[in-house]
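Structure, as structure tokens:
Please treat every number below as a calculation from the coordinates, not as lab data. This structure is a prediction, so every number in the text was calculated from the model and none was measured. Positions of Cβ are generated from backbone atoms using ideal geometry, with glycine treated the same way; all protein chains shown enter the neighbour counts.
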Amino acid sequence: MRADRSMLGPSLHRDQIMAMNRVQFQAGLSLPAFLKRYGNAQQCEQALEISRWHTGLCLSALRRYPAPVDSSVTATTYWQCTACYRQTSPALGHGDGQQQARRYAPGCLACICWARARRTLSALELMRHLGVSYPTAWPMKHKLMQAMTQREANRKLGGIVQLDDAYLGGERNGGKAGRGSENKRPFVIAVETTEDGRPLRAVMDPVPGFTKAALSEWIGQRLASWSRCLQ
């Protein structure tokens with residue numbers, strides 16, 4: 001079936017077409033490439049070891065580096081110091097090691113699903129993506145959120161920083177409208193950019209209010225002393 005050109009509306013001029021955003025079309029890790037690199041628990045465990053101990057692991061004051069030891073009881077690979085014989089694993093502090101090892105692959109897959117989501121992922125949607133139970137998906141989601149929170153907690157912006165204020169929330173029934181609403185929370189949004197205005201890093205934090213004291217405290221926590229702020 002051939003469509004009539006008149007049915008398609010007027011043709012757009014080249015100047016009317018939106019320019020391609022190079023940031024949106026930058027090369028990324030495809031899903032087949034991700035599964036090839038992190039497709040099983042062993043690959044994910046190796047990636048976790050490199051990420052956690054990228055400079056080497058030393059458990060004693062003698063600077064002795066550990067060697068892997070296989071445990072026949074839990075079927076989990078531990079790292080043991082050759083000096084003090086202390087053992088550890090990549091999942092230390094996160095429950096049973098054998099149980100955590102089985103979750104390496106779903107955990108890595110959860111990370112890429114979260115990174116590809118335009119907004120966010122609910123625990124129910126994460127359950128369907130990973131093929132796990134809801135009691136497994138729910139704490140996995142909250143652990144990812146907590147990890148991102150801890151990663152960004154001490155971030156400081158420097159150089160050229162553009163600032164803006166915003167409110168989150170709406171009007172309550174019978175309450176005030178606009179910025180004076182009791183249901184609105186003030187936020188400060190800051191973006192570190194290059195000299196030509198390209199974004200590098202961003203932070204968005206709630207503040208008690210847009211007062212001098214509140215903003216001074218926020219600046220001390222989030223901006224380096226050599227920053228140049230633009231509004």
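Given a Förster distance of 25 angstrom, what is the FRET efficiency for Q150 paired with A202, based on the Cβ-Cβ distance and rounded to 0.05?
On the way: r = 17 Å, r/R0 = 0.69.
That gives a FRET efficiency of 0.90.
Legend: calculated FRET efficiency, Q80 to K143, from the Cβ-Cβ distance at R0 = 25 Å, rounded to 0.05, equals 0.40.
Only lysines eight or more places from K36 in sequence, or on another chain, were considered; those with a Cα closer than 28 Å are K141, K143. The residues H142, H129, when put in order of fewest to most other Cβ atoms within 10 Å, stand as H142, H129.
Going from the fewest other Cβ atoms within 10 Å to the most, the residues M145, M127 appear in the order M145, M127.
Which shape class, rounded, prolate or oblate, goes with region 117-231 when its Cα gyration tensor gives a ≥ b ≥ c as root eigenvalues, a/c under 1.5 marks rounded, and past that a/b bigger than b/c marks prolate?
Details: a/c = 2.36, a/b = 1.33, b/c = 1.78.
It is oblate, given that a/c is not under 1.5 and a/b is not larger than b/c.
The calculated FRET efficiency for L215 paired with Y167, based on their beta-carbon distance and R0 = 22 Å, is about 0.90. Extending 7 Å from Cα along the Cβ direction at R52 and again at R116 yields two label points whose distance is 2.6 nm. Cβ crowding within 10 Å, taken as a proxy for footprinting-reagent exposure, orders T136, T194 from fewest neighbours to most as T194, T136.
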